[in-house]
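The values are calculated or read from the model by the stated rules, or taken from the named source; none is laboratory data. Bear in mind the structure is a predicted one, so any value in this text is a computation, not a measurement. Here the Cβ positions follow ideal geometry from the backbone for every residue, glycine too, while neighbour counts run over all protein chains shown.
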Amino acid sequence: MNLNSPVTQIKGVGEKTAGYLKKLNIETVRDLIFYIPRDFVLFESPIIPSEEMSGRVIAFRGFLKAGSFNGTKKGRFTYSHMAFMCESRLIRVAVFNMPYLKKQLDPLKEYVLRGVLEVGSKGAMSMTQPRIYTLNQYSEIEGTLQPVYPLTKGISNNAISKAVRQSLETVCVPSDGMDDLYNGSISFSDAVKNMHFPQNMDTFILSRERIVFHEFLSFVLQMKTDANLTKNIPFDKVMIETADTSRLIERLPYRLTNAQLRCWDDIKNDMTSGICMNRLVQGDVGSGKTIIAFLALIMNAKNSHQGALMAPTEVLARQHYDKLVETSKKYDLDLDIKLLLGSMSASAKKAVYEEIENGSASIVIGTHAVFQKKVTYKDLTLVITDEQHRFGVNQRETLVNKGDKVHLLVMSATPIPRTLAFILYGDISISLIDELPGERIPIKNCVVGRKFRKKSYEFIAEQIKEGRQAYVICPQIEEGDDPNLENVTDYSAKLSSVLGGNVNVVSLHGKMKADEKDRIMTEFKNRNIDVLVSTTVIEVGIDVPNATVMMIENSERFGLAQLHQLRGRVGRGKYQSYCIFISSKEDKDTMKRLSILNDTNDGFKIADEDLKLRGPGDLFGIRQSGEFGFIIGDIYNDASILKKASECADRLIKSNDKDKLDKIVESINDTMINSVDFRTI
């Protein structure tokens, strides 16, 4: 067996299991070895529950109380209730969609239950959806640090862990060619092994830093060697400022903020300078970046050139298209705007292709479909990407190459400190929109513990009665090995039961097909869904002015900048909006960090404070949603490693050592980290 061997050569992996692994992009032994865990769980020794342990993850040994098992069915979900005795203590347990437990559990046998202990006002103890183990099962993992992998239905964490262990015992992990550049105490090969099965936390931390360096240097090298995304490239087609944009600004039903006007001046100067624009527009959620992008597209079109705007989702692309078409008609701009989406029929796409190629389409808005091979632009001179870090360098480069020489405008709501932005975006100019429109009603925030959840449900119910809608965010799709984490699947069932049959609760996550996600988001916008229970897939979504509540479970597991972006999904209409951050940890440091969200709605201030408060133990739980495709690296927590990687890339490029650079690029391609961060799906 070698790195290129199919996973079916691993003992215990048959065709059926291989099919499930393929859904995780794991087809070879190489894919499996570089499938990095997303978290680790320490399986503590069982203890006797007590009141002061409320809100904590614990394990206890107990017997099922005879005759206590009962179940009910509501719609698509089943609810089972039982009681376990731990010495003299009674712990009530509720589970969803597990009717088979009635036959599996034996009242005469002792089990280990692991989950979040909840203690009521009168001392009553309970657990919801705990993991239940036999004594032998738990003894095998007790006291160990176990990897937690992103999963798909049909395959268990244990199955992946066993397959990885066997692979690492059989084949050698290749070098990434960066060990001498890193100049650290651990090699890449050892780091990969330790990232699956670390001996202790110190070894894990060293290994993690080495993998992060690999991710960052791979990215920075690609960025810095991309000649198409550097500035000071002459732009031969002279552009002039047009009266259409000035008239539009005057006629808009609102006044642009000073920050928006400064940003628009920067863009106008770039586009008329005779040099290819390469500009990043950073603006907080709701700061008004979209109208700036529209102005650039209009000015480009009125200079008789073509422009393309690429959005990360079809729903967002369609929203941009509808808004620009409406603007063009309302203000007599006479623009030929086309929408190009992957889900369109072949005949519809063909018709758009023809209009792009003959030049009649002056503005094209879409997703990745705008840079497919079949798309030929007659005169593409402006490319705008919205939330560009979700596309990757290669996709942007492909779109830029659709034209001869083009202006590139990048829009981002991710509040990245300027020093890091220069590294991550390459040699780029930055414009900052640091004001919010005056008509926006500030969002009211609260940071609370689990005990506030019941009141939160009551508040959501009140808002729904008033005709409003709500989002609920969970950090994972399905139940994992950490019972402290809420998941979309079980939470949807629980919330549906709590709110009643008259409230339409629907779930959404990244493993759904694109057309299904778009359908659900459209239904939510059209008010056919009352509560949307989702992962962070809605972070870049459509405007739903009627949504007034954002509740985020396990808030401590997210970065502050990401939490800020999530709450930006509400507060977009004429109604007062609210954001409820529920933390499963209520220690002083955690609550202090989250309380920053109470104090300010300024994303850049939040990002700066987040950077100051990071600690050495914040390794997985508060990553910023995998920005730029990083699986483990976090641009805030790992800022020093990012700077080190950038400096190494600069030295390598300046050395003109082409052989070494080629070897590293070849090694990078041979050691691609393969995983999916569970907060991005």
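Residue check: is residue 489 surrounded by 16 or more Cβ atoms within 10 Å (Cβ to Cβ), of a type in the set (S, T, N, Q), under 17 Å from residue 567 (Cα atoms) and assigned by TED's automatic domain parsing to the domain that holds residue 564?
Considered against the rule, which asks whether it is surrounded by 16 or more Cβ atoms within 10 Å (Cβ to Cβ), of a type in the set (S, T, N, Q), under 17 Å from residue 567 (Cα atoms) and assigned by TED's automatic domain parsing to the domain that holds residue 564, residue 489 comes out as no.
Residue-by-condition table, conditions (1) within 28 Å of residue 649 (Cβ to Cβ); (2) in contact with a strand residue (DSSP E or B) (Cβ under 7 Å, 6 or more places away or on another chain):
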site: 144; (1), (2): no, no
site: 152; (1), (2): no, no
site: 161; (1), (2): no, yes
site: 164; (1), (2): no, no
site: 173; (1), (2): yes, no
site: 181; (1), (2): yes, no
site: 190; (1), (2): yes, no
site: 195; (1), (2): yes, no
site: 200; (1), (2): no, no
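Mind listing whichever residues of the range 426-451 are crowded, with 16+ Cβ neighbours inside 10 Å and part of a helix (DSSP H, G or I)?
Scanning the range 426-451 gives a single hit, 450.
Applying the selection to the range 109-121, what residues are over 23 Å from residue 479 (Cα atoms) and at pLDDT 90 or above? Please lay out each step first, then the result.
Applying the first criterion (over 23 Å from residue 479 (Cα atoms)) to the range 109-121 yields 109-110, 120-121.
Selection gives 109, 110.
Are there any pairs with C-beta distances below 8 angstrom linking a residue in the range 401-414 that is over 8 Å from residue 381 (Cα atoms) and without any contact (Cβ under 8 Å) to a residue 60 or more places away in the chain to a residue that is hydrophobic (A, V, I, L, M, F, W, C) and part of a strand (DSSP E or B), with the two at least 6 apart or on different chains, and if so which?
Filtered contacts from the range 401-414: no entries.
Here is a list: 176, 180. Which entry is among the charged types (D, E, K, R) and buried (at least 17 other Cβ atoms within 10 Å of the Cβ)?
One residue alone meets the criteria, 176.
Mind telling me which of the residues 159, 191 ends up being at pLDDT 90 or above, under 30 Å from residue 82 (Cβ atoms) and under 29 Å from the mean Cα position of the chain (by Cα)?
Being at pLDDT 90 or above, under 30 Å from residue 82 (Cβ atoms) and under 29 Å from the mean Cα position of the chain (by Cα) holds for just one of 159, 191, which is 159.
Does residue 594 satisfy the condition of being of a type in the set (A, V, I, L, M, F, W, C), in contact with a strand residue (DSSP E or B) (Cβ under 7 Å, 6 or more places away or on another chain), modelled with pLDDT of 85 or more and in a helix (DSSP H, G or I)? Steps first, please.
Working: of a type in the set (A, V, I, L, M, F, W, C): yes; in contact with a strand residue (DSSP E or B) (Cβ under 7 Å, 6 or more places away or on another chain): yes; modelled with pLDDT of 85 or more: yes; in a helix (DSSP H, G or I): yes.
Against the criterion (of a type in the set (A, V, I, L, M, F, W, C), in contact with a strand residue (DSSP E or B) (Cβ under 7 Å, 6 or more places away or on another chain), modelled with pLDDT of 85 or more and in a helix (DSSP H, G or I)), residue 594 qualifies.
Please enumerate the residues belonging to the range 334-382 that are crowded, with 20+ Cβ neighbours inside 10 Å and touching a residue at least 60 places away in the same chain (Cβ under 8 Å).
Within the range 334-382, 362, 363, 370, 371, 377, 380, 381, 382 meet the criteria.
Would it be correct to say that residue 253 is touching a residue at least 60 places away in the same chain (Cβ under 8 Å), surrounded by fewer than 21 Cβ atoms within 10 Å (Cβ to Cβ) and in a loop (DSSP other than H, G, I, E, B)?
no
May I ask you to say which residue of 76, 131, 89 is modelled with pLDDT of 85 or more and either within 31 Å of the chain's Cα centre (by Cα) or assigned by TED's automatic domain parsing to the domain that holds residue 500 (or both)? Walk me through it before giving the result.
Details: 76 fails: modelled with pLDDT of 85 or more; 89 fails: either within 31 Å of the chain's Cα centre (by Cα) or assigned by TED's automatic domain parsing to the domain that holds residue 500 (or both).
Matching residue, one of 76, 131, 89: 131.
Determine whether the range 637-654 contains at least one residue that is modelled with pLDDT under 80 and not basic (Lys, Arg).
yes
How many residues does the range 452-504 contain that are of a type outside the set (Asp, Glu), over 21 Å from residue 121 (Cβ atoms) and assigned to a helix (DSSP H, G or I)?
14
Being within 23 Å of residue 434 (Cα to Cα) and either in a strand (DSSP E or B) or touching an Asp or Glu at 6+ places or on another chain (Cβ under 7 Å) (or both) is the filter here; which residues of the range 294-311 pass it?
309, 311
Would you check which residues across the range 97-117 are touching a helix residue (DSSP H, G or I) at 6+ places or on another chain (Cβ under 7 Å) and closer than 15 Å to residue 450 by Cβ and list them?
Passing the criteria: only 117.
Could you list all residues from the range 54-72 that are modelled with pLDDT under 90 and at negative phi?
Scanning the range 54-72 gives 54, 56, 57, 66, 68, 69, 70, 71, 72.
Can you name the residue in the range 77-104 that is part of a loop (DSSP other than H, G, I, E, B) and free of Cβ contacts under 8 Å to residues at least 12 places away in the same chain and is also nearest to residue 498 (Cα to Cα) among such residues?
Only one residue fits best here, namely 100.
Considering the range 505-526 alone, what residues qualify as being in contact with a strand residue (DSSP E or B) (Cβ under 7 Å, 6 or more places away or on another chain) and assigned to a loop (DSSP other than H, G, I, E, B)?
Hit for the range 505-526 is 509, nothing else.
Hey, does the range 595-605 have a residue that's among the hydroxyl-bearing types (Ser, Thr, Tyr) and surrounded by 21 or more Cβ atoms within 10 Å (Cβ to Cβ)?
No, the conditions are met nowhere in the range 595-605.
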